[in-house]
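Quick notes on the structure that follows.
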Amino acid sequence: MNAPKQNPVTPHPTAFKVRKQSRVLEVSFDDGAEFSLPFELMRVYSPSAEVRGHVPGQDVLQLGKRDVEIVALEPVGNYGIKPIFSDGHESGIYTWDYLYELGRDQAEMWEEYLQKLEAAGYSRASGRDPAVIAAAAPVAAGHGCGHLH
């Protein structure tokens, strides 16, 4: 298996720190950039086929990942890492390019994720919890239970 092609101008990481209490991976790069990547962001934007699908448009919205943790980090050649997440997910390989992109673009990526959650019926106020939509349930005329009799 060939390693993914890396952009020759992308900075390379110089340090990783897993901060379990705050649930972030701190990554320092050789260009001086430093990013704190929330575990949840990393998990919902995993580069794995399980999350992204095998072709564009097959991505799967990840739910309930607010409390996910990284239990281990494994090196992958000289081009990336493979985090092992507490929910059992371990198939995403995060290249140096992708880690840098996550750090650089995380504000936009969070916004996109929250919009997708909201569109799927999850609340934006809590961020990642199912929305309570009981008031929107249709009630059939004459029956308080909502069933058609």
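The values are calculated or read from the model by the stated rules, or taken from the named source; none is laboratory data. This structure is a prediction, so every number in the text was calculated from the model and none was measured. Virtual Cβ from ideal backbone geometry, glycine too; neighbours counted across all protein chains shown.
Observations on the model:
- Residue match in segment 102-119 (condition: in a strand (DSSP E or B) and surrounded by 15 or more Cβ atoms within 10 Å (Cβ to Cβ)): no
- Exactly one residue out of 28, 36 is among the polar types (S, T, N, Q), over 19 Å from residue 113 (Cα atoms) and modelled with pLDDT of 95 or more, and it is 28.
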